[in-house]
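Structure, as structure tokens:
The values are calculated or read from the model by the stated rules, or taken from the named source; none is laboratory data. Just so it is clear, the structure is predicted and the values come from calculations on it, not from any experiment. Glycine gets a Cβ as well: all are built from the backbone with ideal geometry, and neighbour counts include every protein chain shown.
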Amino acid sequence: MQDTLSEKTYRELRRKVLTGELEAGAQLVNRALAGAMEVSLAPVREAINRLATEGLVEHVPGAGAFVRKSSPQELEELYVLREAVESCAAAEAAHNISQKQLDSLEEVRGEFEAILTTIRRQKSQMATEGMLDHWLDCEERFHLIVVEAARNRLLAKVIADNTALGQVFGVQRHRAAILTLAVAEETCRDHAAIAEALRNRDAGTARQLMSDHIQKGRKTVLEYLRSHRRNGG
């Protein structure tokens, strides 16, 4: 029972960090978190330690535990890692992906297209915060399906251990202006091309398309964040 409670506490606390409910720089007070989550102190301490191991939380001597702030340099490094690992995973997935996983990719693509249609109707031609959250959830699912389809435990472990997906997508939350109509359209085209390459069992094309897709995401996100900082945001 305790193991199940610990896991639930960890997952809930991780969700709060990645969605921005607990903002970067926020202090994690064990007793307050335990009270809010209606659990004892032990599973909260364990969850915080696990998140610190993943790099999502940092312990500051004499001050406590805080949600870690990702620097532009760290994001650059995460994107480099993602490009290396996920392009390799896409190539492997082209050989190993199941029909069920191909169907799952199509389901996620349908959700992307629905969000894209809604953005087109927006006067601002960009997403709302709710749309962005849904979009990023879909992004994470799409990429995880590809990684899982590779059927390579070591590749999957590198992604999981470095929380490369969660951190990259987490830092974009609460920044709705990052998802413009142009970005959404290009991303949907990328996903369609990647899915087609996987259906065709074309490993070389799948690898290149995934590499290009992640590089474009890297450019979009980092340019947005730099511009936001220059403008005092």
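Restricting to region 26-43, name every residue that is of a type in the set (S, T, N, Q) and in a helix (DSSP H, G or I). Even if it seems obvious, please write down each step before you answer.
Of all residues in region 26-43, those of a type in the set (S, T, N, Q) come to 27, 30, 40.
Listed by number, the list holds a single entry, 30.
Residues in region 107-123 that are modelled with pLDDT of 95 or more and either assigned to a loop (DSSP other than H, G, I, E, B) or in contact with a helix residue (DSSP H, G or I) (Cβ under 7 Å, 6 or more places away or on another chain) (or both): 108, 109, 111, 112, 113, 115, 116, 118, 119, 120.
Tallying residues that are touching a helix residue (DSSP H, G or I) at 6+ places or on another chain (Cβ under 8 Å) and charged (D, E, K, R) within region 89-106 yields 2. Do you know which of the residues in region 174-186 that are touching a helix residue (DSSP H, G or I) at 6+ places or on another chain (Cβ under 7 Å), of a type outside the set (D, E, K, R) and in a helix (DSSP H, G or I) is nearest to residue 130 (Cα to Cα)? Of everything passing the filter in region 174-186, 176 is nearest to residue 130 (Cα to Cα).
Taking the conditions exactly as written (touching a residue at least 24 places away in the same chain (Cβ under 8 Å), at positive phi and surrounded by 12 or more Cβ atoms within 10 Å (Cβ to Cβ)), does residue 55 satisfy them or not? So residue 55 fits the description; yes. Selection within region 1-25: residues that are among the hydrophobic types (A, V, I, L, M, F, W, C) and buried (at least 17 other Cβ atoms within 10 Å of the Cβ). The member of this set that is farthest from residue 158 (Cα to Cα) is 22.
Being surrounded by 15 or more Cβ atoms within 10 Å (Cβ to Cβ), within 15 Å of the chain's Cα centre (by Cα) and without any contact (Cβ under 8 Å) to a residue 60 or more places away in the chain is a description that applies to residue 139.
Restricting 189, 226 to those that are part of a helix (DSSP H, G or I) and modelled with pLDDT under 95 reduces the list to 226.
On inspection, residue 103 passes the criterion of being more than 17 Å from residue 183 (Cβ to Cβ) and either in the same structural domain as residue 190 (by TED's automatic domain parsing) or part of a helix (DSSP H, G or I) (or both).
Return the only residue of 63, 93 being buried (at least 17 other Cβ atoms within 10 Å of the Cβ), of a type in the set (Gly, Ala, Ser) and touching a residue at least 12 places away in the same chain (Cβ under 8 Å).
Of 63, 93, the one residue that is buried (at least 17 other Cβ atoms within 10 Å of the Cβ), of a type in the set (Gly, Ala, Ser) and touching a residue at least 12 places away in the same chain (Cβ under 8 Å) is 93.
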